[in-house]
Amino acid sequence: MSMEPDWARRPAWLNGEFLDLGQARISPLDRGFLFGDSVYEVIPVHAGRPFRLPQHLQRLSRSLREVRIPEPLGRDAWSAVVQGLVDRAPWSEVSLYLQVTRGVAPRDHAFPDVPPTVFAMAGPLHPPGAEQLARGFSAITLQDIRWRRCDIKTTSLIANVLGRQAARDRGADEALFIRDGYAVEGAATNLFVVHEGVAITPPHGRDLLPGVTRDLVVELLRGAGLACEERPVPQAFLEQADEIWITSSTKDVVPVTRLDGRPVGSGIPGPLWRRVHALFLDWREREAA
Ligand code: PDD
């Protein structure tokens with residue numbers, strides 16, 4: 001009888017080679033492990049098509065530049081890794097994960113002169129189901145204790161991990177971070193608030209990740225002639241919101257119907273969310289055609 005974990009046969013890619021995830025080995029001296037000295041991307045794949053691949057690869061390049069890790073692969077090489085994992089993945093909907101660390105070297109904070117570690121894997125994607133969407137998600141608010149460069153998609157995620165777990169501990173799905181009186185984003189999601197009929201999302205900047213899904217939702221709203229503003233969201237807007245949505249690659253755009261134990265608006269997914277979710281699904285269908 002095999003004792004291997006159920007993920008051991010998932011497709012992976014490590015430093016130039018495709019392999020089973022259960023075979024992948026990383027040194028304990030890898031700086032991703034020792035320091036969280038590392039950046040990443042998560043890319044959903046629907047019907048064999050990676051969602052906004054150029055945007056994800058562009059964000060990865062930007063993260064690498066900002067933390068001064070040399071770009072390990074060109075665009076075509078990244079695309080080949082992505083396609084190879086998609087081809088090997090047995091699931092209809094797939095979540096791809098890409099990570100680059102500063103490499104393996106004896107522990108010292110300053111940069112070593114070594115090649116980056118490059119890792120990628122595929123897993124099954126579980127987007128929220130119809131029932132979950134009909135009920136909506138629940139969220140809590142938390143003070144944002146993260147560093148000042150939340151625009152970089154780094155694997156140093158302990159504050160996000162603690163935030164998401166604090167939500168879990170209170171029976172909620174997501175934690176929304178408040179910084180200096182403004183709601184910025186979730187532990188692993190971006191944020192939209194509907195206030196007086198206008199969808200508002202915090203602007204790009206150092207307080208939040210420039211979400212690929214967020215940017216598409218802004219495009220879709222504007223394309224449909226719906227009011228959408230990118231501006232800071234005071235915590236009071238969150239508390240008085242008619243609707244709250246969160247977005248991410250793994251969740252698309254989902255309604256938050258309970259905040260800190262109280263109903264958001266009428267406590268059910270709102271009309272503007274239904275509109276934007278339909279636009280999102282239409283967009284995906286057109287992309288797949
Ligand atoms: N997280 N904000 C944070 C802090 C995130 O970690 C994420 C995504 C987002 C949404 O970005 P996008 O729409 O590009 O996925 C916003 C991924 C899914 C994760 O860490 O698993």
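Identify, from the list 23, 55, the residue that is more than 14 Å from residue 86 (Cβ to Cβ), at pLDDT 95 or above and within 21 Å of the chain's Cα centre (by Cα).
On the way: 23 fails: within 21 Å of the chain's Cα centre (by Cα).
Of the residues listed, the single one that is more than 14 Å from residue 86 (Cβ to Cβ), at pLDDT 95 or above and within 21 Å of the chain's Cα centre (by Cα) is 55.
Please list, ordered by residue number, the strands (runs of 3 or more DSSP E) wholly in region 82-150 having 2 or more residues that are free of Cβ contacts under 8 Å to residues at least 12 places away in the same chain and open to solvent by less than 70 Å² (accessible area, probe 1.4 Å).
Working: elements: 93-101, 117-124, 137-143.
Correct list: empty, since no element meets the threshold.
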| query | With respect to residue 137, is the statement that it is in the same structural domain as residue 169 (by TED's automatic domain parsing), of a type in the set (Phe, Trp, Tyr) and either away from the ligand (no atom under 15 Å from the Cβ) or under 27 Å from residue 193 (Cα atoms) (or both) true? | reply | yes
Among residues of region 154-169 being among the β-branched types (Val, Ile, Thr) and outside any loop (DSSP other than H, G, I, E, B), the residue nearest to residue 39 (Cα to Cα) is 154
Within region 191-217, residues open to solvent by less than 30 Å² (accessible area, probe 1.4 Å), in contact with a Pro (Cβ under 8 Å, 6 or more places away or on another chain) and either farther than 19 Å from residue 57 by Cα or free of Cβ contacts under 8 Å to residues at least 40 places away in the same chain (or both) come out as 191, 202
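Yes/no per residue for (1) more than 9 Å from the ligand (Cβ to nearest atom); (2) among the charged types (D, E, K, R); (3) under 16 Å from the mean Cα position of the chain (by Cα):
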{"position": "156", "(1), (2), (3)": "yes, no, yes"}
{"position": "161", "(1), (2), (3)": "yes, no, yes"}
{"position": "168", "(1), (2), (3)": "yes, yes, no"}
{"position": "174", "(1), (2), (3)": "yes, yes, yes"}
{"position": "177", "(1), (2), (3)": "no, no, yes"}
{"position": "197", "(1), (2), (3)": "yes, no, no"}
{"position": "207", "(1), (2), (3)": "yes, yes, yes"}
{"position": "227", "(1), (2), (3)": "yes, no, no"}
Query raised in the report: Any chance region 229-252 includes a residue that's within 10 Å of the ligand (Cβ to nearest atom), modelled with pLDDT of 95 or more and open to solvent by less than 10 Å² (accessible area, probe 1.4 Å)?
Result: yes
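The values are calculated or read from the model by the stated rules, or taken from the named source; none is laboratory data. Bear in mind that the values here come from a model prediction, so they are computed numbers and not experimental data. Quick reminder, even Gly has a Cβ in these numbers, built from the backbone with ideal geometry, and neighbours come from all protein chains shown. Areas reflect the complete protein model, heavy atoms only, side chains present, ligands, DNA and RNA absent. Shrake-Rupley method; radii C 1.70, N 1.55, O 1.52, S 1.80 Å.
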